[in-house]
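Since the structure comes first, as structure tokens, the remarks are kept for the end.
The values are calculated or read from the model by the stated rules, or taken from the named source; none is laboratory data. Model, not experiment: these values are computed from the prediction. As a convention, Cβ positions derive from the backbone with ideal geometry for all residues, glycine included, and neighbour counts pool all protein chains shown. Surface accessibility is based on the protein's heavy atoms, side chains included, excluding ligands, DNA and RNA. Shrake-Rupley method; radii C 1.70, N 1.55, O 1.52, S 1.80 Å.
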Amino acid sequence: MRLATTLSVVVLGAGGVGHAVVTSLDGGIGRVDPFRDMKNRPQGSRGTNILLVGTDGRDKITPEEKQKYRLGGAPCHCTDTIMMVHVSAERDRVSVVSLPRDSYAEVPEHTDEATGEKHARHPVKLNAAYAEGGPSLTVRTVENMTGLKIDHYMEVDFTSFMKTVDVVGGVQICTARPMKDSYTGLDLAAGTHQLGGGEALQYVRSRHTDGSADLGRMQRQQRFLAALVEKATSNGVLLNPVKFREVASSLLSSVRTDEGFGVEEMLSFTSAMKNFSPSSSDFTTVPLGQLSFQVKGVGSTVKWDDTKAKKLFQLLRDDKPLAPHPPPKPAPANPAAPSAAKDAKPPHNEPGAVVEVAPEQIRVQVYNGTRTDGLGRRVDDALHATGFKTSRAPRASANLDMHRTLIEYDPRWDRSAKSLALALPGSELRPVKGLGATMKVTAGADFKDVVPVRAEEQPQGDFGTVTGDRVVCP
């Protein structure tokens, strides 16, 4: 998307060749009419609202893939993932709101297209609307719940997801803690990983890696979506017509959209996003009230926080961001001298190494363990600039012959200590029972600088929103 201008020239401005590419890709898209016979719809709003659903397409996957990626069982003919994607009217910002598949919903009265049987309004889990009435009932249900008019509908299944990730060469994911899910087969150590299509599918499907269940899964889906866009826009895929067609063909071969959402329409979005960057996107989940709302005949559902949800969707209706967005960075005054910018130390709000505990939650007292004047102040300043809650009053250590920087910590705060140690590479970790919540850092002669760190997610605002640049790997 950041290379939108060039993309539009390459694909749409290539005369007959560009038209042929667009026409051939458009012919490969499956079509559906989710808006047929819909009445009393919400009023349109500024910007464009796209309902993106991920369906259970395991019936199209080979037996080998089913076994390898734990995709056994019969397809449920339901929506596994539901997201509202809002593209701003100026095409300079995208907001993505995840709607939990187990959300309490009420499907409007409708007629079964296959049997002609009429159904009165009744409660369901949100993903069951698709099983009961397909895309049309899903759109009607979501519009009733959000008060937003949906302009376009896009449906993606497992097959296209896996193929697209493989075609772009895999996607980089980083995690501060090990992730293992026996249901999907996901098994990732802490650190950075390059995931192919099958492994990526395991990552976005896993809901048993910790106690966060479906909420954690939605966060991983958002993180992965940001990483996929980052990969596609940063490695030349969109600049190469042959590669672009390969990626687009792979994705669109298993996609269904409404008639008005063709390739030219999709590309028109990118052609307008001249200054789009990861920080231009924000991600959140609809605010939740009750996580276990029991409904007779339906079971345990997730109930939205009506007040907060209305406020969230009003922001989308008004075409406003869900979180503060930093202003675009100005171009360097002297393009011929980029080395100075490259060597400059990033401020603490720039993306850095991913840690389990955010530096803003970690208290630190710095000591100077050398005879070098001002070293304690330099360490304190550097940690503070990265976000750590330092005392701002460094002290002299009783031992002034420290060769290696030492971090002393209470074992009860071991996760915080590990996060601090990543910011001070090469330092020694030493547990001290009863030390309390404040870490003790004694700077040694080996100290060079502090490595910027950040937590996996840093939610902002009333809705726990994160921007795209905060969820991709540094």
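Thr81's amide H: which non-local residues (gap 5+, or another chain) put their own amide H closer than 5 Å, with H modeled 1.01 Å from N in plane and none for Pro or chain starts?
So Thr81 has HN proximity to Gly54.
Quick one: which of 223-230, 314-321 comes out on top by average Cβ neighbours within 10 Å, and what's the full order, highest first?
223-230, 314-321
Once phi is turned into ³J(HN,Hα) by the Karplus curve 6.51 cos²θ - 1.76 cosθ + 1.60 with θ = phi - 60°, what whole-Hz value does each residue of region 107-117 show in order, with x for glycine and proline?
6, x, 4, 7, 10, 5, 5, 7, 9, x, 6
Please give the contour-minus-distance gain from Asp26 to Glu356: 0.36 nm per residue of separation, less the Cα-Cα distance, rounded to one decimal in nm.
114.5 nm
For Ala353, list long-range residues whose amide hydrogen, built 1.01 Å from N in the peptide plane, is under 5 Å from its own amide hydrogen.
It is Val453, Arg454, by chain and number.
When ranked by the protection proxy of mean other Cβ atoms within 10 Å per residue, highest first, what sequence do the peptides 136-147, 363-374 form?
136-147, 363-374
Taking R0 as 51 Å, what's the FRET efficiency between Arg392 and Asn40 from their Cβ-Cβ distance, rounded to 0.05?
Once rounded, the FRET efficiency stands at 0.30.
Considering only protein heavy atoms and a probe of 1.4 Å, how much of the accessible area of region 347-445 is carbon and sulfur, as a whole percent?
So the carbon and sulfur contribution to the accessible surface is 49 percent.
Using a probe of 1.4 angstrom, how much of the accessible area of region 78-217 is carbon and sulfur, in percent?
The value for region 78-217 is 47 percent carbon and sulfur by accessible area.
Considering only the other residues whose Cβ falls under 9 Å of the Cβ of Arg41, what net charge follows from Lys and Arg at +1 and Asp and Glu at -1?
Computed value for this residue: +2.
I'd like the FRET efficiency for Asp214 and Asp166, computed as 1/(1 + (r/R0)^6) with the beta carbon distance as r and R0 of 30 Å, rounded to 0.05.
0.70
For Arg415 and Ser253, compute 0.36 nm times the residue count separating them, minus their Cα-Cα distance, and round to one decimal in nm.
Answer, rounded to one decimal: 53.9 nm.
About the Cα centre of region 394-474, what is the dipole size in debye to 20, counting +1 per Lys and Arg Cβ and -1 per Asp and Glu Cβ, all else neutral?
About 260 debye.
Grab the other residues whose beta carbon is less than 11 angstrom from that of Glu109, score K and R as +1, D and E as -1, and report the net.
With Lys, Arg at +1 and Asp, Glu at -1, the net is +2.
What is the distance, in nm, between label points placed 7 Å from the Cα along the Cα-to-Cβ direction at Ala114 and at Val242?
It is 4.5 nm.
For an R0 of 41 angstrom, estimate the FRET efficiency from the Cβ-Cβ distance between Val298 and Lys433 and round to the nearest 0.05.
0.25
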